[in-house]
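A.B. asks: Let me begin by handing over the structure; questions about it come next.
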Amino acid sequence: MKIHLEPKLSSCPDKLRCPVCQQAFDVSRMRSLLLNDRGLIQGDICPECVRLTSDEIRVMMADHARLMLEQPKLYAYLPYPEEVAMELFEASLEEVKFPSPYHWLVKTIESRFLNPAEDQTTIQALSQMH
Ligand SMILES: [Zn+2]
């Protein structure tokens with residue numbers, strides 16, 4: 001798996017569910033997408049789970065996959081818990097690659113240009129530079 005950073009576009013919902021902890025969270029202006037090794041999006045990883053280690057993420061995903069099969073009623077928000085469980089389990093076998101600090105920085109700056117209204121101080125700082 002790998003974490004791919006992407007600026008949040010207006011078409012993206014404000015709340016999403018994390019594929020690792022299964023909690024709904026508010027999406028920040030930068031999305032952290034979790035992709036499996038085949039490049040399929042598993043979902044947006046929440047700010048708490050993004051701080052975990054690769055092993056912790058994999059264990060949590062495998063635990064939820066098991067629980068989805070054993071007690072699908074706990075995951076009423078999923079139309080097909082069995083299918084999601086298989087995907088989660090498959091993904092949990094893969095090592096997680098995190099973005100480099102440099103990539104993180106570049107993407108953070110990029111997301112500010114795409115959402116300028118949310119960050120007036122950046123605009124002011126930039127306008128003073130020219
Ligand atoms: Zn999470």
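Here, each number is a calculation from the coordinates, and none is a lab measurement. Predicted, not measured: the structure shown is a model, and the values here were computed from it. Don't worry about glycine lacking a Cβ; one is built from the backbone with ideal geometry, like all the others, and counts go over all protein chains shown.
A.B. asks: Could you tell me which of the residues Cys12, Cys18 is under 30 Å from Arg112 (Cα atoms), surrounded by 16 or more Cβ atoms within 10 Å (Cβ to Cβ) and not aromatic (Phe, Trp, Tyr)?
C.D. replies: Unique residue meeting the criteria: Cys18.
A.B. asks: List every residue pair whose Cβ atoms sit under 8 Å apart, with the two residues 6 or more apart in sequence or on different chains, where the first one lies in the range 47-76 and is within 21 Å of Lys97 (Cα to Cα) and the second, anywhere, is surrounded by 15 or more Cβ atoms within 10 Å (Cβ to Cβ) and charged (D, E, K, R).
C.D. replies: Sorted first by the residue in the range 47-76, then by its partner, the pairs are Arg58/Glu94.
A.B. asks: Given the conditions (1) more than 16 Å from the ligand (Cβ to nearest atom); (2) more than 14 Å from Glu6 (Cα to Cα); (3) loosely packed, with under 14 Cβ neighbours inside 10 Å, report the number of the one that Phe113 does not fulfil.
C.D. replies: Single failed check for Phe113: (2).
A.B. asks: While we're looking at this one, here's another question. Please work out if Arg38 is without any contact (Cβ under 8 Å) to a residue 60 or more places away in the chain, of a type in the set (Lys, Arg) and surrounded by fewer than 17 Cβ atoms within 10 Å (Cβ to Cβ).
C.D. replies: So Arg38 fits the description; yes.
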